[in-house]
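The values are calculated or read from the model by the stated rules, or taken from the named source; none is laboratory data. Because the structure is predicted, anything quoted here is derived from the model rather than measured. Virtual Cβ from ideal backbone geometry, glycine too; neighbours counted across all protein chains shown. Accessible surface is based on the protein model in full, side chains and every heavy atom, while ligands, DNA and RNA are left aside. Shrake-Rupley method; radii C 1.70, N 1.55, O 1.52, S 1.80 Å.
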Amino acid sequence: MREITLSKAVNEAIAEEMRRDPTIFLIGEDVAEAGTPFKVLSGLVEEFGTERVIDTPISEPGFMGVAVGAAMTGSRPIVDLMFGDFLFLVMDQLCNQAAKTHYMSGGKLKVPLVLRTNLGATRRSAAQHSQSLHALVAHIPGLKVAMPSSAYEAKGLMKTAIRDDNPVVIFEDKLMYQEKAPVPEEEYLIPFGQANVVREGRDLTMVATSSMVQVALAAAHALEGEGISVEVIDPRTIVPLDEATILNSVRKTSRAMVIDEGHQSYGITGEIASRIGEKAFYHLDAPVVRMGAMDVPVPFSPALEDLTVPTPEGVAEKARKMLRGELFDGA
Amino acid sequence: MAKAGKTSATAGKAPARKASDNSGAYLRMYRQMLRIRAFEDQANQLYLSAKMPGLTHMYSGQEAVAVGICEALTPEDKITSTHRGHGHCVAKGAEFREMFCELLGKAEGYCRGKGGSMHIADQSNGNLGANAIVGGSMGIATGAALSARRLGRDDVAVCFFGDGATAQGLMYEVMNMAALWKLPVIYACENNGYSEYTKTAEIAAGSLIARAEAFGIEAFSVDGQDVLAVNELAGRLVARARKGEGPFFIELETYRYHGHHVGDINRDYYRSKDEEARWKAERDPITNFARWLVAEGVAAQDELAGMAAEVKADAEAAVAHALEAPYPDVSEVDMHVFVETAA
């Protein structure tokens, strides 16, 4: 099978969907000729024109609001938010407007839009261009949240996001744009709410999101040589969350780690760990372990930044301790 | 380029025109203003008698704004509304029953009781909803205009907002885009003199219309108590917006008779009773329009009185219905969080 980059996969997904449905348009900062700073959208304006690939002023709340109104009136906008950190700027339009409109209108209005943005640290971009803020939007009822972990996932999830009648926020890891993966030529979609068992194992379940799936896989590979068999689960979407696949795996392995690049406190790791604790408690041989990003603003210095996010080595080390029963601080 | 026209006739004085040409439309506008006033009188009573959950914001006094503008629109044209939105909803064609049911949180309400007073939406008539975030719908109206143009429709969007919302940054972001892209949107600023509990002069520096003019948007001031002046201007601007000559900005000088919300009773500290009495006596949009209709021979005084009685009876019947109507079933609490998508 051919291999393409995650960037190309996203581009293909959007182009295919725009060819299929003329109500779709792209809107955001420097999405047309520039094709975004990451060049993910290069070539789309040449095919679809500036009426469908719309460059905006640097006005995130403004174009987010415009997209909400367009989505309520027959269009299907794809909003490009250049950095996930800018979510804070669009919160009212996304969370008070887009997320609640269907519910507040008793089901009469809908807001079929996709907000594509990114996450991920270690790009030496410091505290306002490096955050992983998916937990913020996952907290708000009415928003779906997709987290592709490879080029293959990015294409299939993007196509599903575009066809969904709800507001969907899709987070791409900006460090993965140039990473290649096998992606079929023929069309495929990846349904929301169906986790992927990326790797089967017996001793420990790692639930990991976005690029942390790759981190978990690397850790699992290292542990395999030591006789530790790790199952890796990619939820693909955190809203909706496929609890059943996660719980089934934990019932089998009796141990779980949750790995995510959002800040560890009040985040995705805590949510998933808590659900495992509530629903698979009697199957567990150890407390569920969380590994998120450190609870610090992302520092600029490489010497510091690399300390803040989970790494394959760090994950493997925690797994070893867990299997040796050494993790229980103060217990 | 941008020009600020003063299109208003002085309140209470009739614009020069032949009333007989258009008597159907005049009587329709009169009735719609009566309906808004009657709706609000009933809503206020529901609050005062503790029959309504929560609170609400009265539109009384501002009727000529909603009616003058909505009368210039088709059902396909879109509006976005505000927390003080009952008037827009009625003027855009909504029914009393579904509105009162919504105010009381009943299943038969426009939003099945999930929105309430501050979120009434009536998409069948192009009302994209009231918004409880001040200025929160400015992007939505602008997006509706973009959508219409992109999809080859000729509908126009009107964004209703108050003077208080001019302090929100979103307005400047979307006016900039609307002007750049020549979108068919009309920003209708209802300047009722008060931003919640504060005089507008204390929160808004400079001129309101100059804010729009800075973007090259044609902006107009009009007497918001004069339904004919509002309607004449709106008709002209809607037609031009439909032809691609938008966007436009209108400042409508008006007055809210009640406090910021129904519970804002003792308000002497920010607004005098004399001032309120003066507006009601001299600039009431319904009284003044009635006087004009009689003077022009469009209707006799007793016909207008009969219409008012009929509207009041309709409102009372709708309230009685809504009070008895069932609440939504508890199973609806987690319904409509998401659209069920087939894809």
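Values for this structure:
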{"read-out": "Qualifying position, being of a type in the set (Gly, Ala, Ser) and over 30 Å from B:VAL333 (Cα atoms), among A:GLY107, A:GLY74, A:GLY65, A:GLY49", "value": "A:GLY49"}
{"read-out": "Any hit, region B:268-285, residues being touching a residue at least 60 places away in the same chain (Cβ under 8 Å), open to solvent by less than 80 Å² (accessible area, probe 1.4 Å) and part of a helix (DSSP H, G or I)", "value": "yes"}
{"read-out": "Answer residue from region B:319-343, given it is at the interface with chain A (Cβ under 8 Å from one of its Cβ atoms) and modelled with pLDDT of 95 or more and is farthest from A:LEU143 (Cα to Cα) among those", "value": "B:MET335"}
{"read-out": "Any hit, region A:195-212, residues being crowded, with 24+ Cβ neighbours inside 10 Å, touching a Phe, Trp or Tyr at 6+ places or on another chain (Cβ under 8 Å) and touching a residue at least 60 places away in the same chain (Cβ under 8 Å)", "value": "yes"}
{"read-out": "Residue in region A:261-283 that is under 26 Å from A:HIS221 (Cβ atoms) and in contact with a Phe, Trp or Tyr (Cβ under 9 Å, 6 or more places away or on another chain) present", "value": "no"}
{"read-out": "Scope region A:165-194; condition open to solvent by less than 30 Å² (accessible area, probe 1.4 Å), more than 15 Å from the chain's Cα centre (by Cα) and hydrophobic (A, V, I, L, M, F, W, C); matching residues", "value": "A:ALA181, A:VAL183"}
{"read-out": "Considering residues of region A:61-110 that are more than 7 Å from chain B (Cβ to nearest Cβ) and among the basic types (Lys, Arg) only, the residue nearest to B:GLY113 (Cα to Cα)", "value": "A:LYS100"}
{"read-out": "Qualifying position, being within 14 Å of chain A (Cβ to nearest Cβ) and surrounded by 17 or more Cβ atoms within 10 Å (Cβ to Cβ), among B:GLU173, B:GLU190", "value": "B:GLU173"}
{"read-out": "Subset tally (residues that are within 15 Å of the chain's Cα centre (by Cα) and surrounded by fewer than 21 Cβ atoms within 10 Å (Cβ to Cβ)) for region A:240-264", "value": "2"}
{"read-out": "Residue list for region A:68-118, restricted to those being closer than 20 Å to A:VAL40 by Cβ and aromatic (Phe, Trp, Tyr)", "value": "A:PHE83, A:PHE86"}
{"read-out": "Check on A:ALA34, at pLDDT below 95 and either more than 14 Å from chain B (Cβ to nearest Cβ) or under 24 Å from the mean Cα position of the chain (by Cα) (or both)", "value": "yes"}
{"read-out": "Only one of B:ALA145, B:ALA205, B:ALA132 that is farther than 25 Å from A:ILE27 by Cβ, facing another protein chain (nearest Cβ under 9 Å) and out of contact with any Gly (no Cβ under 7 Å at 6 or more places or on another chain)", "value": "B:ALA132"}
{"read-out": "Test: residue in region B:55-65 that is acidic (Asp, Glu) and farther than 24 Å from B:ALA234 by Cα", "value": "no"}
{"read-out": "Positions within region B:245-267 being within 30 Å of B:ASP155 (Cα to Cα), in a loop (DSSP other than H, G, I, E, B) and open to solvent by less than 20 Å² (accessible area, probe 1.4 Å), in sequence order", "value": "B:GLY246, B:PRO247, B:THR254, B:TYR255, B:ARG256"}
{"read-out": "Only listed residue being within 14 Å of another protein chain (Cβ to nearest Cβ) and either in contact with a Gly (Cβ under 7 Å, 6 or more places away or on another chain) or buried (at least 24 other Cβ atoms within 10 Å of the Cβ) (or both), chosen from A:ILE14, A:ILE27, A:ILE58", "value": "A:ILE27"}
{"read-out": "Filter pass, B:VAL185 being at pLDDT 95 or above and within 11 Å of chain A (Cβ to nearest Cβ)", "value": "yes"}
{"read-out": "Some residue of region B:83-93 being at positive phi and in contact (Cβ under 8 Å) with a residue 24 or more places away in the chain", "value": "yes"}
{"read-out": "Those residues of region A:42-54 which are more than 10 Å from chain B (Cβ to nearest Cβ) and part of a strand (DSSP E or B), in sequence order", "value": "A:VAL53"}
{"read-out": "Matching residues, region A:265-284, being open to solvent by 40 Å² or more (accessible area, probe 1.4 Å) and in contact with a Lys or Arg (Cβ under 6 Å, 6 or more places away or on another chain)", "value": "A:HIS283"}
{"read-out": "Unmet requirement for B:ALA188, which otherwise passes all of (1) hydrophobic (A, V, I, L, M, F, W, C); (2) outside any loop (DSSP other than H, G, I, E, B); (3) under 21 Å from A:PHE63 (Cβ atoms)", "value": "(3)"}
{"read-out": "Unique match (being in contact with a strand residue (DSSP E or B) (Cβ under 7 Å, 6 or more places away or on another chain) and modelled with pLDDT of 95 or more) among B:CYS111, B:CYS89", "value": "B:CYS89"}
{"read-out": "Count - residues of region B:103-124 that are within 14 Å of the chain's Cα centre (by Cα) and surrounded by fewer than 24 Cβ atoms within 10 Å (Cβ to Cβ)", "value": "2"}
{"read-out": "Filter result for A:ALA151 (within 14 Å of chain B (Cβ to nearest Cβ), at pLDDT 95 or above and open to solvent by less than 10 Å² (accessible area, probe 1.4 Å))", "value": "no"}
{"read-out": "Residue match in region B:81-100 (condition: polar (S, T, N, Q), open to solvent by less than 20 Å² (accessible area, probe 1.4 Å), within 13 Å of chain A (Cβ to nearest Cβ) and outside any helix (DSSP H, G or I))", "value": "yes"}
{"read-out": "Residue match in region A:226-246 (condition: in contact (Cβ under 8 Å) with a residue 24 or more places away in the chain, closer than 21 Å to A:CYS95 by Cβ, in contact with a strand residue (DSSP E or B) (Cβ under 6 Å, 6 or more places away or on another chain) and assigned by TED's automatic domain parsing to the domain that holds A:GLY120)", "value": "no"}
{"read-out": "Selection count, region A:196-219, where residues are assigned to a loop (DSSP other than H, G, I, E, B) and more than 19 Å from A:GLY292 (Cβ to Cβ)", "value": "4"}
{"read-out": "Test result for A:PRO312, of a type outside the set (Ser, Thr, Tyr), over 19 Å from A:GLY201 (Cα atoms) and either touching a Gly at 6+ places or on another chain (Cβ under 8 Å) or open to solvent by less than 50 Å² (accessible area, probe 1.4 Å) (or both)", "value": "no"}
{"read-out": "Candidates B:ALA290, B:ALA313, filtered to the one that is part of a helix (DSSP H, G or I), modelled with pLDDT of 95 or more and open to solvent by 20 Å² or more (accessible area, probe 1.4 Å)", "value": "B:ALA313"}
